[in-house]
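Chemist: I have a structure I would like to understand better, so I am pasting it below and will then ask my questions one at a time.
The values are calculated or read from the model by the stated rules, or taken from the named source; none is laboratory data. In this text the structure is predicted, and so the values were computed from the model without any measurement. Positions of Cβ are backbone-derived with ideal geometry, glycine not excepted, and every protein chain shown enters the neighbour counts.
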Amino acid sequence: MDLFEQRGKQLQEANAPLAARIRPRTLEEFIGQEHLVGPESALRRAIESDRVPSLILWGPPGSGKTTLANVIAGLTSAHFEPISAVGSGVAQLRKSVADAKERLGLHNQRTILFIDEIHRFNKAQQDVILPHVENGAVTLIGATTENPSFEVIAPLLSRSRVFTLRQLTEEQVGTLIQRAMEIPERGLGHLQVDLDTDALEFLVNMCNGDARIALNTLEFAVDAARPNADGVRKVSLELVEDALQRRAMLYDKAGDQHYDVISAFIKSVRGSHPDGALYWLARMIEAGEDPLFIARRLVILAAEDIGLADPAALSIAVAAQQAVHFIGMPEGRIPLAEATVYLATCPKSNSAYAALDRAMADVRNTSNAPVPLHLRNAVTDLMRKEGYGKDYKYAHDYADHFVKQEYLPPTLKGRSYYQPSGQGAEQEIERRLSRWRNRKEPGQEM
């Protein structure tokens, strides 16, 4: 590195956000993730012995993935090669691997290839790395906020260990904030910051465990605070609120949070818990989830989980979908809430859904028997001569518009697919079916 490059790096570090400037440089400075880097943990021992295997660091934003990678970089004798999947492509990967092979051959020095946001690499890009991880040319450390099971190709995943980082607690975020205000060179210690207690509590609560957001919001608030006569910068609750603007939402409309929150929403409605359902609905709305996606899930749920226990549920759900489509947001949240509460408080039954599954199992696992002749329409003389429609009983010609006759192929005679749950409106359906089952055959005494 020449003089100009060194000076450029110094300027870049000096102008970096607070969260980047005060990143821990040792495991002792690292806050949180004790289950991974505690004194007796396998990962810590691997780091301290400089025998780090290929690994994937998976966790929410601001939980310390990049920080942990940088700590490893400072402790390893291997060359540390960081690249970002956001701005790198196959050419960069091939060059990094070629350099790693040369380094290993000439200097017997291993290379740790750190790929931030590895989930942004497509399959072809990940395939480029695979053989070199397998033969030991590079040791891979990947960082991702997305589930590696879906975002990292299976062969690469099988050659790496996945370590899951947890969301930081409010206490841990508070510790990071206090440390940032005490560090003089890289932090805010030289500015004499006086952070109000209620401002600190608000900040750690609103950042949702994201240390990066907490620290960078703090820096913005401190920069906005005017020093008093003694040079002290008073940071009040109002100033922090203004700097943060709104709560940091842990939500990605294409990632795990999208699926996890909608799952919690559906299970809350299915479990007849309107308060839980409304909470998860609010989380999705606040995060900007597509309201029509929510409405579609309600329509599916109305048919699958409520069904004939309350036949009106499907109509309510479809009406909510149409209303959201018609009026848009933010007013569309009102019919979504109405439908959510209605469906959550309905009696529940999946009998129609389960009945169809049973019928489909027979369709798949038994021969496709021909339609019985009496159920076929005789639209030509030839069909009538062949017996189409013969002995078919027209239900409306009989008492209560019902008559007993066989509607299944002979091979499935007696099969029962639909079994009413006894919930809500299905109580009357069950009584009706029972009357029909006990009805005498035509010609017999009633």
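Chemist: Could you check the stretch 92-138 and list, in sequence order, the residues that are β-branched (Val, Ile, Thr) and surrounded by fewer than 19 Cβ atoms within 10 Å (Cβ to Cβ)?
Modeler: Passing the criteria: only 128.
Chemist: Something else about it: Looking at the structure I just gave you, is residue 128 farther than 24 Å from residue 59 by Cβ and either among the β-branched types (Val, Ile, Thr) or at pLDDT 90 or above (or both)?
Modeler: Spelling it out, residue 128 is indeed farther than 24 Å from residue 59 by Cβ and either among the β-branched types (Val, Ile, Thr) or at pLDDT 90 or above (or both).
Chemist: Something else now. Taking only pairs six or more apart or across chains, which ones have beta-carbon atoms under 6 Å, a first residue in the stretch 388-400 that is over 15 Å from residue 378 (Cβ atoms), and a second residue that is at pLDDT 85 or above and surrounded by fewer than 10 Cβ atoms within 10 Å (Cβ to Cβ)?
Modeler: Pairs found: 395/401.
Chemist: To continue, here is another question. Which members of the stretch 68-91 meet the condition of being more than 21 Å from residue 121 (Cα to Cα), surrounded by 16 or more Cβ atoms within 10 Å (Cβ to Cβ) and of a type in the set (Ser, Thr, Tyr)?
Modeler: 76
Chemist: Can you name every residue in the stretch 1-36 that is hydrophobic (A, V, I, L, M, F, W, C), modelled with pLDDT of 85 or more and part of a helix (DSSP H, G or I)?
Modeler: 18, 19, 20, 36
Chemist: Of the numbered conditions (1) part of a helix (DSSP H, G or I); (2) in contact with a Leu (Cβ under 7 Å, 6 or more places away or on another chain); (3) not charged (D, E, K, R), residue 308 fails exactly one; give the number of that condition.
Modeler: (2)
Chemist: I want to confirm something. Restricting to the stretch 340-372 and keeping residues that are among the β-branched types (Val, Ile, Thr) and assigned to a loop (DSSP other than H, G, I, E, B), which single residue is farthest from residue 301 (Cα to Cα)?
Modeler: The first filter runs over the stretch 340-372 and keeps only residues among the β-branched types (Val, Ile, Thr), leaving 340-341, 345, 363, 366, 371.
Adding the requirement that they be assigned to a loop (DSSP other than H, G, I, E, B) leaves 345, 366, 371.
Details: 345: 13, 366: 30, 371: 33 Å.
Among residues in the stretch 340-372 that are among the β-branched types (Val, Ile, Thr) and assigned to a loop (DSSP other than H, G, I, E, B), the one farthest from residue 301 (Cα to Cα) is 371.
Chemist: Take the residues in the stretch 256-298 that are acidic (Asp, Glu) and under 13 Å from the mean Cα position of the chain (by Cα), then tell me which one is nearest to residue 146 (Cα to Cα).
Modeler: Applying the first criterion (acidic (Asp, Glu)) to the stretch 256-298 yields 256, 260, 275, 286, 289-290.
Right, trim to under 13 Å from the mean Cα position of the chain (by Cα) and you get 256, 260, 289.
Numbers: 256: 6, 260: 12, 289: 17 Å.
So the residue we want is 256.
Chemist: Just checking, which of 101, 95, 65 is at pLDDT 90 or above, among the charged types (D, E, K, R) and in contact with a strand residue (DSSP E or B) (Cβ under 6 Å, 6 or more places away or on another chain)? Steps first, answer last, please.
Modeler: Working: 101 fails: in contact with a strand residue (DSSP E or B) (Cβ under 6 Å, 6 or more places away or on another chain); 95 fails: in contact with a strand residue (DSSP E or B) (Cβ under 6 Å, 6 or more places away or on another chain).
Just one listed residue meets the conditions, 65.
Chemist: Among the residues of the stretch 308-340, what is the count of those that are under 22 Å from residue 275 (Cα atoms) and either outside the structural domain of residue 265 (by TED's automatic domain parsing) or in contact with a Ser or Thr (Cβ under 7 Å, 6 or more places away or on another chain) (or both)?
Modeler: Final tally of qualifying residues: 1.
Per-residue answers, yes or no, for (1) at pLDDT 90 or above; (2) of a type in the set (Gly, Ala, Ser):
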| position | (1), (2) |
| --- | --- |
| 140 | yes, no |
| 144 | yes, no |
| 151 | no, no |
| 174 | yes, yes |
| 195 | yes, no |
| 219 | yes, no |
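Chemist: Oh, and also: Could you figure out which of (1) under 30 Å from residue 44 (Cβ atoms); (2) within 29 Å of the chain's Cα centre (by Cα); (3) of a type outside the set (Gly, Ala, Ser); (4) surrounded by fewer than 17 Cβ atoms within 10 Å (Cβ to Cβ) isn't true of residue 241?
Modeler: (1)
Chemist: Continuing with the same structure: Here are some residues: 268, 263. Which one is over 23 Å from residue 204 (Cα atoms), surrounded by fewer than 18 Cβ atoms within 10 Å (Cβ to Cβ) and at pLDDT 90 or above? Don't jump to the end; show me each part of the working.
Modeler: Details: 268 fails: surrounded by fewer than 18 Cβ atoms within 10 Å (Cβ to Cβ).
Just one listed residue meets the conditions, 263.
Chemist: Within the set of pairs 6 or more residues apart or between chains, which connect a residue that is on the phi > 0 side of the Ramachandran plot and touching a residue at least 40 places away in the same chain (Cβ under 8 Å) inside the stretch 22-41 to a residue that is surrounded by fewer than 15 Cβ atoms within 10 Å (Cβ to Cβ) and part of a loop (DSSP other than H, G, I, E, B) with Cβ atoms less than 8 Å apart?
Modeler: Here the result reads 32/169, each pair linking the stretch 22-41 to a residue that is surrounded by fewer than 15 Cβ atoms within 10 Å (Cβ to Cβ) and part of a loop (DSSP other than H, G, I, E, B).
Chemist: Another question about this same structure. Restricted to the stretch 373-429, and to residues that are β-branched (Val, Ile, Thr) and exposed (fewer than 14 other Cβ atoms within 10 Å of the Cβ), which residue is farthest from residue 363 (Cα to Cα)?
Modeler: Restricting attention to the stretch 373-429, the residues satisfying the condition of being β-branched (Val, Ile, Thr) are 379-380, 403, 411, 429.
Within this subset, residues satisfying the condition of being exposed (fewer than 14 other Cβ atoms within 10 Å of the Cβ) are 379-380, 411.
Working: 379: 27, 380: 29, 411: 12 Å.
Once the filter is applied, the top-ranked residue is 380.
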